[in-house]
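Asks: A single structure is presented below for examination.
Nothing in this text is a laboratory measurement; each read-out follows from the coordinates by a stated rule. No experiment lies behind these values; they were computed from the predicted model shown. For neighbour counting, all protein chains shown are included, and Cβ atoms are generated from backbone atoms with ideal geometry for every residue, glycine included.
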Protein chains: 2
Amino acid sequence: MNALQQRIRKEAENLGQGILKVTRFLNHQVDPLLLDQCGRELASRFTTAAATKVLTAETGGIVPALMTALYLRVPLLYARKTKPITLPERVFQTTVASHTKKRCEDLFVSPEYLQPGDRVLLIDDFLAFGHTILSLASLVRMADATVVGVGVVIEKAFEEGRIACNSLGVPIEALATVLDMSGGEIVLA
Amino acid sequence: MNALQQRIRKEAENLGQGILKVTRFLNHQVDPLLLDQCGRELASRFTTAAATKVLTAETGGIVPALMTALYLRVPLLYARKTKPITLPERVFQTTVASHTKKRCEDLFVSPEYLQPGDRVLLIDDFLAFGHTILSLASLVRMADATVVGVGVVIEKAFEEGRIACNSLGVPIEALATVLDMSGGEIVLA
């Protein structure tokens, strides 16, 4: 994903403390053509996983997960952080620590859309410490469904989310990998 | 949009009090191919509007807004309901009443991505009372930018959001229109 790496080099900002600002093209303003490419690439890396569903968490994950689901031609399911009244009383629920909001958030998924037999590809914008991915995986387990892969747009390797997620025993794919931000720069792999 | 109307007839639920549950294909689980069609259709209805940006609010609006922006080949900008630390100190901010969460929510947009001269197409999943659209329009005004159109996937005509939004003086397009839900049915136009 050269296009993505170029955009990170050109437009991402290192805000310190591991915070990578990519609001210009990924998670506030979005470049749809770039994210279309990201979705196609993530889908191509998981063609053999036979996923029946893509699962992500609102909000930042929705865009890359939608584009991946579009190319895999499977439904997208996004976990909600608040429970709207359109969700049933009984839901799968877990919590996750948010890195950029400095607080814990709930994640809700309706059992209507996550079922035993589902083969679930987890997609998110970032792989940082792995908290969101592991929380999504716990929702999949509650449904007796199976995680078949993890795909992210940007991995911050220095926060070691890949190590945390290795316990899932599935392939983990990142379209761009940030090795280090400790010196004020953004060091890409 | 026959495909959309068929899905509403087959899979939407009338939960009473004007609440239309479409979590099976639109705003929890998403059918990417259907929403791809919705985005293409919304884009085609605004080709002459010369939009430079698509603006929506998280969460439900992101999917249709992304697909519309993809076909219009302009950036998508989604207003945040919480302010992550990646947003600058000074932001455009307003509030909106949430119909399905029974509370008021903030909306934040970074001035970095909404500027004088921008021609902004507002996209959302629903047009109900018009609260979200009018709040998004107020963010556009704060930026001295111009609203050039309003597009939604589903309009609930009986809640009269179209009348509320007529003050914007721009074309309003809905891909499906629900005329009445008062009898327990879902009456489509």
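Asks: Taking amide hydrogens as modeled 1.01 Å from N in the peptide plane, which residues meet the under 5 Å criterion relative to residue A:151, leaving out close sequence neighbours?
Replies: Those qualifying (amide H under 5 Å, at least 5 residues apart or on another chain) are A:122, A:123, A:124, A:173.
Asks: With n ≥ 4 as the cut-off for DSSP H runs, can you work out [θ] at 222 nm for the protein assembly as shown, using -39500 (n - 2.57) per run divided by the number of residues, rounded to the nearest 500?
Replies: That comes out to -8000 deg cm²/dmol.
Asks: Treating the point 7 Å from Cα along Cα-beta-carbon as the label, what are the nm separations from residue B:158 to the other copies, to one decimal?
Replies: Here residue B:158 shows inter-copy label distances of 5.7 nm.
Asks: While we're here: Please count, across the stretch A:2-188, the pairs of lysine residues with Cα atoms under 23 Å apart that sit 8 or more places apart or on different chains.
Replies: 14
Asks: Where the only charges are on Cβ atoms (+1 Lys, Arg; -1 Asp, Glu), what is the dipole of the protein assembly as shown about its Cα centre, to the nearest 20 debye?
Replies: 60 debye
Asks: A further question follows. In nm, what does the list of distances from residue A:188 to its counterparts in the other copies look like, shortest first, when each label sits 7 Å along Cα to Cβ?
Replies: 4.5
Asks: Tally the DSSP beta bridges in the stretch B:19-123 and give the antiparallel ones as a percent, rounded to 5.
Replies: Rounded to the nearest five, the antiparallel share is 55 percent.
Asks: Roughly speaking, what is the centre-to-centre gap between the stretch A:1-58 and the stretch B:65-104 when only Cα atoms are used, to the nearest Å?
Replies: With the stretch A:1-58 and the stretch B:65-104 each reduced to a Cα centre, they are spaced 18 Å.
Asks: Still on this structure, please answer the following. For the stretch A:94-151, what relative contact order do you get, as a whole percent, if you take Cα pairs closer than 8 Å and at least 6 residues apart? The partial results should precede the final answer.
Replies: Details: 76 pairs, mean separation 23.0, N = 58.
Taking the mean separation of contacting Cα pairs over the length of the stretch A:94-151, I get 40 percent.
Asks: How far is helix B:32-45 tilted off the main Cα axis of chain B, in degrees rounded to 10, range 0 to 90?
Replies: 70 degrees
Asks: Using the Karplus equation 6.51 cos²θ - 1.76 cosθ + 1.60 (θ = phi - 60°), what ³J(HN,Hα) coupling, rounded to whole Hz, does each residue of the stretch B:166-172 give in order, writing x for Gly and Pro?
Replies: My calculation for the stretch B:166-172 gives 4, 4, 6, x, 10, x, 10 Hz in order.
Asks: How well do other chains shield peptide B:35-46, expressed as the mean number of their Cβ atoms within 10 Å of each residue Cβ?
Replies: Partner Cβ neighbours, averaged per residue: 1.
Asks: First check a/c for the stretch B:2-181, with a ≥ b ≥ c the square roots of the eigenvalues of its C-alpha gyration tensor; if it is under 1.5, answer rounded, and if not, answer prolate when a/b is larger than b/c or oblate otherwise.
Replies: Prolate.
Asks: List the relative contact order of the stretch B:118-159 as a percent without decimals, with contacts defined as Cα pairs under 8 Å and 6+ residues apart.
Replies: 59 percent
Asks: How much FRET efficiency would the formula 1/(1 + (r/R0)^6) give for residue B:164 and residue A:166, where r is the Cβ-Cβ distance and R0 is 51 Å, rounded to 0.05?
Replies: Numbers: r = 52 Å, r/R0 = 1.02.
FRET efficiency, residue B:164 to residue A:166: 0.45.
Asks: Could you work out the relative contact order of the stretch B:2-181, using alpha carbon pairs under 8 angstrom and six or more residues apart, expressed as a whole percent? List each step's numbers first, then the result.
Replies: Numbers: 351 pairs, mean separation 34.8, N = 180.
Computed value for the stretch B:2-181: 19 percent relative contact order.
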